[in-house]
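Here the structure is laid out as structure tokens; the discussion comes afterwards.
The values are calculated or read from the model by the stated rules, or taken from the named source; none is laboratory data. All of these numbers come straight from a predicted model, not from anything done at the bench. Glycine also receives a Cβ, built like all others from the backbone with ideal geometry; neighbour counts cover every protein chain displayed. Accessible surface areas use protein heavy atoms only, side chains included; no ligands, DNA or RNA. Shrake-Rupley method; radii C 1.70, N 1.55, O 1.52, S 1.80 Å.
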Amino acid sequence: MNELRTMVQTQLAVNTGTFVLAQNQDLDDLKRRIEAAVDAGGRFVEFTVVGNRAVSVLITPSTQIALTVETVQLDPRDTGDVDFPYRGHFDY
């Protein structure tokens, strides 16, 4: 019997948009950068999302942020390497 392989997946909701973060994202570092952007009155924060795509979001003191973490089926393409992007979840 094949055992289902899983990975932890983090979603970042920014106001009304949601981003699924790539596997190599350091969540503690991302939180610190978001907090620093708020403290500065606004700043762009960059991160990598599933599909190995880079995203830059303007974070201000009025930006609403929510982070959720869940366990999902492993997608070996989710490396966070923006030099090798792909389209989305499990689209071989």
Burial order of peptide ranges 67-76, 21-30 (average beta-carbon count within 10 Å, highest first)
21-30, 67-76
Taking the simple approach of a point 7 Å from Cα along Cα-to-Cβ for both D39 and L4, what is their distance in nm?
4.1 nm
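Leaving out ligands, DNA and RNA, what percent of the accessible area of the range 1-63 is carbon and sulfur, probe 1.4 Å? Could you put the intermediate results ahead of the total?
Values: 1860 of 3910 Å².
Answer for the range 1-63 is 48 percent, counting heavy atoms of protein chains only.
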Residue-normalised accessible area of the range 16-92, expressed per residue, 1.4 Å probe, Å²:
64 Å²
Cα coordinate range in the range 1-62, projected on the principal axes (Å, largest first)
54, 21, 17
